[in-house]
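Inspection log for the structure reproduced underneath, given as structure tokens.
The values are calculated or read from the model by the stated rules, or taken from the named source; none is laboratory data. Computed from a prediction, not measured in an experiment: that's the story for all the values here. FYI the Cβ positions are ideal-geometry reconstructions off the backbone, even for glycines, and counts take in every protein chain you see.
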């Protein structure tokens, strides 16, 4: 599994550390992404399904919904930035991002990975993608879904 952190990207420097506003801005910049709420926590969805949350923002984290393999790659590559969510959610791939130490490029790559995974899962489940998401998927992959 290839980690989608941009080559040469590092955890970041003090002057470019991210916060919840940056997490929100980047998540909502992804094609078809919408902000929602689940159990009182801010979440980000594509075609109605969650790919990231700010459920742990009070602890300084954003959360990504990844596969366990993606999570392992992210944690191995940047353990100072990524860590599994405690318990069963973490074993399933839910991953914390330490906002105080992540740089913008890394956060963009990580959110993009979670978004792409959600789009792919939606397609496999037969969930009808919005026209905007279909256009983005075609643009990113260079081919249309069959």
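Below are the figures for this structure:
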{"read-out": "Output for segment 56-84, where each listed residue is more than 13 Å from the chain's Cα centre (by Cα) and closer than 17 Å to residue 99 by Cβ", "value": "56, 57, 58, 59, 60, 75, 78, 79, 80, 81, 83, 84"}
{"read-out": "Filtered residues of segment 91-115 (kept if within 11 Å of residue 65 (Cβ to Cβ) and free of Cβ contacts under 8 Å to residues at least 60 places away in the same chain)", "value": "92, 93, 94, 95"}
{"read-out": "Unmet requirement for residue 30, which otherwise passes all of (1) in contact with a helix residue (DSSP H, G or I) (Cβ under 8 Å, 6 or more places away or on another chain); (2) without any contact (Cβ under 8 Å) to a residue 40 or more places away in the chain", "value": "(2)"}
{"read-out": "Residue among 112, 126 that is surrounded by fewer than 21 Cβ atoms within 10 Å (Cβ to Cβ) and part of a helix (DSSP H, G or I)", "value": "112"}
{"read-out": "Condition met for residue 137 (under 23 Å from residue 28 (Cβ atoms), at pLDDT below 95 and either in a helix (DSSP H, G or I) or in contact with a strand residue (DSSP E or B) (Cβ under 6 Å, 6 or more places away or on another chain) (or both))", "value": "yes"}
{"read-out": "Subset tally (residues that are under 18 Å from residue 38 (Cβ atoms) and surrounded by 17 or more Cβ atoms within 10 Å (Cβ to Cβ)) for segment 55-94", "value": "12"}
{"read-out": "Only one of 102, 119, 97 that is part of a loop (DSSP other than H, G, I, E, B), at pLDDT 95 or above and within 18 Å of the chain's Cα centre (by Cα)", "value": "102"}
